[in-house]
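Working notes for the structure below.
Just so it is clear, none of the values below were taken in a lab; they were calculated from the coordinates. Just so it is clear, the structure is predicted and the values come from calculations on it, not from any experiment. Every residue, glycine among them, receives a Cβ derived from its backbone with ideal geometry; neighbour counts consider all protein chains shown.
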């Protein structure tokens, strides 16, 4: 993957091992459904979705899929995230388990509301 220039989420997914691609595509679809107005970008070398700022990032790792929704959703969804390894702004979903679709969508929708509020505050529309 080091010699491949990653410019789109399609590029990122294509550069991954075959067994990771279907889950990455599923991740993408889950986020798209929760954030239909969001734009796909590559940021920090990872797939991300942007709407009034970055919403979330996701990525493939050896034994898990990383989901990076920033720090506050980790606190807000603490109870729902108990089965998963988390850190300040990251969640690890094990590669051998199905993605928690409803939880991912709830976090994305939370981030949309957060970014919308922040954008409104910046423009004085709060």
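The table for this structure:
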{"quantity": "Sorted by Cβ neighbour density within 10 Å, fewest at the top, the residues 75, 56, 108, 101", "calculated": "75, 101, 108, 56"}
{"quantity": "Mean-position separation - Cα centroids, the stretch 47-63 and the stretch 94-116, in angstrom", "calculated": "11 Å"}
{"quantity": "Inverse mean reciprocal Cα-Cα distance (Kirkwood Rh) of the chain, Å", "calculated": "15.0 Å"}
{"quantity": "Candidates 69, 100, 36: whichever shows maximal mean-square fluctuation once the chain is modelled as a Gaussian network with Cα springs under 10 Å", "calculated": "36"}
{"quantity": "Relative contact order (percent, whole number), the chain, Cα cutoff 8 Å, 6+ residue spacing", "calculated": "21 percent"}
{"quantity": "Most mobile listed residue (35, 90, 14) in the chain, GNM with C-alpha springs under 10 Å", "calculated": "14"}
{"quantity": "Rounded to 10°, Cα long-axis angle of helix 18-34 versus longest principal axis of the chain", "calculated": "20 degrees"}
{"quantity": "Quarter of Cα convex hull surface for the stretch 42-82, i.e. mean projection, nm²", "calculated": "3.6 nm²"}
{"quantity": "With Cα atoms, 0 to 90° folded angle of helix 101-122 axis to the chain main axis", "calculated": "40 degrees"}
